[in-house]
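To start, the structure under review is shown below, and the notes come after it.
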Protein chains: 2
Amino acid sequence: MDARVGTKMLDSCTILARPDDEERFPTSVCTDCAVRRDSLCGTLTDAELSRLHRLGRRRRLRRGEAFAWAGEESRGCANVLSGILKVSALTADGREQIVGLLYPSDFVGQPFVGSFEFTVTALGDAEICTFRKSDFEGFLSTRNGMTQALLCRTFDTLSDARRRMLLLGRQSASERIADFLLQTFERIGGCSASSNGPVTFDLPLSRGAIADVLGLTIETVSRQMTKLKVAGVIALPGGRAVTILKRDALRRMTDAA
Amino acid sequence: MDARVGTKMLDSCTILARPDDEERFPTSVCTDCAVRRDSLCGTLTDAELSRLHRLGRRRRLRRGEAFAWAGEESRGCANVLSGILKVSALTADGREQIVGLLYPSDFVGQPFVGSFEFTVTALGDAEICTFRKSDFEGFLSTRNGMTQALLCRTFDTLSDARRRMLLLGRQSASERIADFLLQTFERIGGCSASSNGPVTFDLPLSRGAIADVLGLTIETVSRQMTKLKVAGVIALPGGRAVTILKRDALRRMTDAA
DNA sequence: CGGAGAATTGACCTGATTCAAGAACTGTGG
DNA sequence: CCACAGTTCTTGAATCAGGTCAATTCTCCG
C-alpha cells in the first residue's frame, strides 16, 4: 500500500502525497483507502484529507489483539479499514457482553472524553487507521463539519445500542437469533436485498461471540440455529456459512407476538 | 403560528400562547434557569445564550405525556428543566424497554439526524425547554464548541447505554436491582455520598417503570426489594421511599461473582 | 370511608442455563 | 494425504431463575 493513485479508481480523489510524506508514512495513504468514501473522512475535502493523513498511521491487529482496554486512559481513535472488531463490557467475574461491533469504515474512540470503559478487540485479523487522540481532537476543533459528522455517527451508534437494549431486555432467544441473522446479512451480505431469494454468507462471528452479542449462551445459540434449520428457514452448509431460505419468515420472527 | 404575547419581559421573550402545553412562565429567561450551569447551554457565553434564548420555548409535560413518538419525524430538541422523562423502545406486541432516563439538565433529541426511533415520555409532571430542530441545528452550525459539548454528552449517553447492555445481557435480577438503587441514589439523592451512613430518598420511578428499565417484571422487582429488606440492606419506609442501610453491601452485589 | 391503582406475596410453570458427552472442523506435521 | 490435537459446535438431560397467573394488601385521595 503506497501512494500511487489509480489502482483503485475512487472517482475524483486524486491527492498526491508529496514524496517526503510517503517516506515518513509509507503505509498510510488515504488515496487508495478502501473506506475513504464511507468513513468519517468522507466528509473532508482533498486538502483537508491530506492534512489529516499526516496524523494517521496504519496498524494491523491480529485476531484477538486489543486496540483499547477498559479502564485505561484512552489514547487513540481509529477508522476500521478491514476486519471486524468487538466492543465489549465485562463483569468482575468474567461474564462478557459485546456492546458493539465495528465493521470497515466505522470509527472507534471518544475524542474529548477522558476515559473509555470498554475493551476493543479484533475478532479476526484487522487493519485500522489510528490517530493520537490529541491530534484528532486538534483536527476536529477546526472543522465543525467533521465534528457534526462524528456527532451523527455517534447518534446512530447510540440508536443501535438502544435497539439492542430492547433485544437484550425483552426479546426471546429465537427473536434475538432471527434479528442477528438479518442484521448481519444486511451488514455484510451486501444488499443483494432484492427479492426474497435464498442468500448464503459466512457469519463473521463464532457461536461464542454471537452468544456474547445476544446475551445468551453458546448452547442456546446453537439450539436456536438448529431449530431454524429444522424449520426450513435457514440452512447450515458447514463452517460459519448460513443460507437464509425464508427471509420473510425470519423477519416475522424478529418481533413476534 | 406563535401568537406573540407581548408583556415585555427582559429582551424578546416570545412565548407561544397555546395555554395547554406551552405556557408562559414569568421566569422564562435563561438567566435564572435552574439548569443553566449543568445543561448544554452551560458552554455558552451570555451573548450567545441570549441568541439561543430567542429560539427556545418552555413547555410543561403532564405525567404520561409524550414529547416524541417512535418513528415520527423528529422535529424538536429540548433541555429537561424539571421532572424525569423516559426514552423507551417497544416491540410490536407491546413489550417495553426503557433505554434511557432523562433528568434535569439532560438534553433530548438528535440534531442533524432525521428519524428518532424511540418514544420520550414524562414519567411525572415535567418542564422542558424546547427548540425547533432546524433552529437548533442552525445555531449549532455556527458554534463548534457547543457541537463538541453535545458530542461529549452523546458519548456519555452511549457509555451509559452500553453499561446497561451488560446489565441486561449478563446480570442477575439482584445485581440489576442493586445497581439501580445505587445509580438512582447517586443521581437524585445528591452526593451526601460522604460516608456509608444510611440515606433515604424517594425512587422517582414506579415498580413498573423500574422493571422496564431493568428488563424484569414488576413481581421480580418487588421480590428482590423485599429480599434486600429482609437481609437488612435496605428499608422500605413506605410509598416510593427507600433507605439504603448498607451501601457497601449493595455495592458488592452490583457485580458479584 | 371507600374505591382505584400500585405493590406485595404465593403457587406454579417454562425458557434458558448448566453440566456433560460427542461430533465436526481447522490446522499442523509427518 | 492422513493422523492427531485443539478448537468449536451440537445435542441431551437436569436444574433453576425469573415469568405468569392469581390473590391479597397497601396507599393515596376524593
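Please go through region B:34-46 and give me each residue that is touching a strand residue (DSSP E or B) at 6+ places or on another chain (Cβ under 8 Å) and either open to solvent by 70 Å² or more (accessible area, probe 1.4 Å) or at pLDDT below 85 (or both), ordered by number. Lay out the reasoning, then the answer.
In the first step, residues of region B:34-46 are kept if they are touching a strand residue (DSSP E or B) at 6+ places or on another chain (Cβ under 8 Å); the result is B:34-35, B:39-41.
The answer is B:A34, and nothing else.
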Only one of (1) facing chain B (nearest Cβ under 9 Å); (2) surrounded by fewer than 22 Cβ atoms within 10 Å (Cβ to Cβ); (3) touching a strand residue (DSSP E or B) at 6+ places or on another chain (Cβ under 8 Å) does not apply to A:D125, and that is (1)
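Of everything in region B:87-100, what is of a type in the set (A, V, I, L, M, F, W, C) and surrounded by 21 or more Cβ atoms within 10 Å (Cβ to Cβ)? Give them in sequence order. So that I can check it myself, show each step before the final result.
The first filter runs over region B:87-100 and keeps only residues of a type in the set (A, V, I, L, M, F, W, C), leaving B:87, B:89-90, B:92, B:98-99.
Answer for region B:87-100, where residues must be of a type in the set (A, V, I, L, M, F, W, C) and surrounded by 21 or more Cβ atoms within 10 Å (Cβ to Cβ): B:V87, B:A89, B:I98, B:V99.
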Only one of (1) within 13 Å of the chain's Cα centre (by Cα); (2) crowded, with 20+ Cβ neighbours inside 10 Å; (3) under 30 Å from B:I218 (Cβ atoms) does not apply to A:D160, and that is (2)
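Identify all residues within region B:44-73 that are under 23 Å from A:L158 (Cα atoms) and either of a type outside the set (G, A, S) or more than 18 Å from the chain's Cα centre (by Cα) (or both); write none if there are none.
Across region B:44-73, the qualifying residues are B:F67, B:W69, B:G71, B:E72, B:E73.
Out of curiosity, is A:R176 more than 15 Å from the chain's Cα centre (by Cα) and within 11 Å of chain B (Cβ to nearest Cβ)?
Values: more than 15 Å from the chain's Cα centre (by Cα): yes; within 11 Å of chain B (Cβ to nearest Cβ): yes.
When the stated conditions are applied, A:R176 passes them.
Of the residues in region A:130-151, how many are out of contact with any Ser or Thr (no Cβ under 7 Å at 6 or more places or on another chain) and either outside the structural domain of A:R63 (by TED's automatic domain parsing) or open to solvent by less than 30 Å² (accessible area, probe 1.4 Å) (or both)? Don't jump to the end; show me each part of the working.
Within region A:130-151, the first condition is being out of contact with any Ser or Thr (no Cβ under 7 Å at 6 or more places or on another chain), and the residues that meet it are A:130-132, A:134-139, A:141-143, A:150.
From what's left, either outside the structural domain of A:R63 (by TED's automatic domain parsing) or open to solvent by less than 30 Å² (accessible area, probe 1.4 Å) (or both): A:130-131, A:136, A:139, A:150.
Total satisfying the criteria: 5.
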Residue hits (region A:221-257; open to solvent by 20 Å² or more (accessible area, probe 1.4 Å), under 29 Å from B:E96 (Cβ atoms) and within 8 Å of DNA strand D (Cβ to nearest atom)) are A:R223
**Asked** Is there a residue being closer than 30 Å to A:G94 by Cβ, of a type in the set (A, V, I, L, M) and not assigned by TED's automatic domain parsing to the domain that holds B:V120 anywhere in region B:189-202?
**Response** yes
The lone condition A:T217 fails out of (1) under 30 Å from B:V213 (Cα atoms); (2) open to solvent by 20 Å² or more (accessible area, probe 1.4 Å); (3) more than 14 Å from chain B (Cβ to nearest Cβ); (4) within 12 Å of DNA strand D (Cβ to nearest atom) is (3)
Residue set B:S134, B:S141, B:S159; condition more than 7 Å from chain A (Cβ to nearest Cβ) and polar (S, T, N, Q); output residue B:S134
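Here's the yes/no breakdown for (1) more than 11 Å from chain A (Cβ to nearest Cβ); (2) of a type outside the set (G, A, S):
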{"residue": "B:S39", "(1), (2)": "yes, no"}
{"residue": "B:R59", "(1), (2)": "yes, yes"}
{"residue": "B:S82", "(1), (2)": "yes, no"}
{"residue": "B:S88", "(1), (2)": "no, no"}
{"residue": "B:V108", "(1), (2)": "yes, yes"}
{"residue": "B:F112", "(1), (2)": "no, yes"}
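One line per residue, one yes/no per condition, for (1) in contact with a strand residue (DSSP E or B) (Cβ under 9 Å, 6 or more places away or on another chain); (2) away from DNA strand C (no atom under 12 Å from the Cβ):
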{"position": "B:G145", "(1), (2)": "no, yes"}
{"position": "B:A149", "(1), (2)": "no, yes"}
{"position": "B:D160", "(1), (2)": "yes, yes"}
{"position": "B:L181", "(1), (2)": "yes, yes"}
{"position": "B:A209", "(1), (2)": "yes, no"}
{"position": "B:S222", "(1), (2)": "no, no"}
{"position": "B:M225", "(1), (2)": "yes, no"}
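The values are calculated or read from the model by the stated rules, or taken from the named source; none is laboratory data. Note that the structure is predicted; figures quoted are calculated from it, not measured. Methodologically, a virtual Cβ is constructed for each residue, glycine included, from the backbone with ideal geometry; neighbour enumeration extends over all protein chains shown. In case anyone asks, the SASA skips ligands and DNA or RNA and just uses the protein heavy atoms, side chains included. Shrake-Rupley method; radii C 1.70, N 1.55, O 1.52, S 1.80 Å.
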